[in-house]
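The block underneath contains the structure these notes are about, expressed in structure tokens.
Just so you know, all these numbers are worked out from the coordinates, no wet-lab data involved. Every value quoted in this text rests on a predicted model; they were computed, and no experiment measured them. When we count neighbours, we look across all protein chains shown, and the Cβ atoms used for this are built from the backbone with ideal geometry, even at glycine.
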Amino acid sequence: MEESAQIQVVPPAFTGASREVDPGACFEWLRQGWVLFIANPGTWIGSSVLMMVIVLGVQIVPVFGQIAVSVLLPVFAGGWLLMSRHQHEDGSAEIADLFAGFRHNAGGLVMIGVFFAAGIFGIAFLAFLLVSGGLLGGVITGRIAGVGIALGGVMIASLLAFILSIPVIMATWFAPALVFFHDMQPLAAMKASLAAGVKNWLAMLVFSLLLAVAMFFAALPFFVGFLLLIPLFTGAIYVSYLDIFEGA
């Protein structure tokens, strides 16, 4: 009696291929993010409260607390993304999903956080050096022209920091989803995220501007608005990942 050989076909590894979407797609991402939130608001708000408590608790430690938060953000992002997937697929999102990034591909997610923290704090340090030099020059001259030079240095440093931060943010925007859902290596995931951001720069620009405006208003009533903003934009980021990567 011959036994038939069973051949297992291994699916090819995810390459991080992305597609270009219409710039107006960001409004659909936000709409679907709202749909995910409103279907299970208690879980989303509870997760937001827990996340804010954790972040505020860690940030009590000066400097090192802020660095730790930056490093751990991609790890928590994995949990938020899993919540979004569970809610999107069968409505089974749970607060416990928030810590899924610590259980799956935690090392890769932490490496993304290390890259993000090194980039952002390195750029901030460079801007500080430029600003301090400009301020020092203004103090030494002690004249109106010197003050103008100092303020000009602050503006130039701020603009430079903003421009240099864009590639860092783009490289780490989709990277947690690629590492968490597709087991991609951190560097490959960041390259794919950067490529997707460049390909969809206009949609990402509009989305980022909407996020910045929303963050401003969310912070006004004692940051209470973040209880809604965090899950809304988390769901929108998940939907944008589906649109750009899994729709490719």
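Note that region 107-114 has calculated 3J(HN,Hα) couplings of x, x, 5, 5, 4, 4, x, 5 Hz, one per residue in order, obtained from phi through the Karplus relation 6.51 cos²θ - 1.76 cosθ + 1.60 (θ = phi - 60°); glycine and proline are x.
Tell me, what ³J(HN,Hα) does each residue in region 160-177 have, in order and in whole Hz, if you take phi through Karplus 6.51 cos²θ - 1.76 cosθ + 1.60 with θ = phi - 60° and put x for Gly and Pro? Per-residue couplings from phi come out as 5, 4, 5, 5, 5, 6, 4, x, 5, 5, 5, 6, 10, 5, 9, 4, x, 5 Hz.
Separation between the Glu94 and Leu129 pseudo-spin-labels, each 7 Å from Cα along Cα→Cβ, expressed in nm? That separation, rounded to one decimal, is 4.9 nm. What FRET efficiency do you get for Leu164 and Phe64 if R0 is 25 Å and r is their Cβ-Cβ distance, rounded to the nearest 0.05? Result of the calculation: an efficiency of 0.60. With neighbours defined as other Cβ atoms within 10 Å of a residue's Cβ, the residues Glu89, Glu28 order from fewest to most as Glu89, Glu28. The separation of region 65-79 from region 173-192, counted between C-alpha centres, amounts to 15 Å.
Shown for Arg85, Arg19: other C-beta atoms within 10 Å of each C-beta, ranked fewest to most, produce the order Arg19, Arg85. Spacing of the modelled spin labels on Phe217 and Val198, each 7 Å from Cα toward Cβ, amounts to 3.5 nm.
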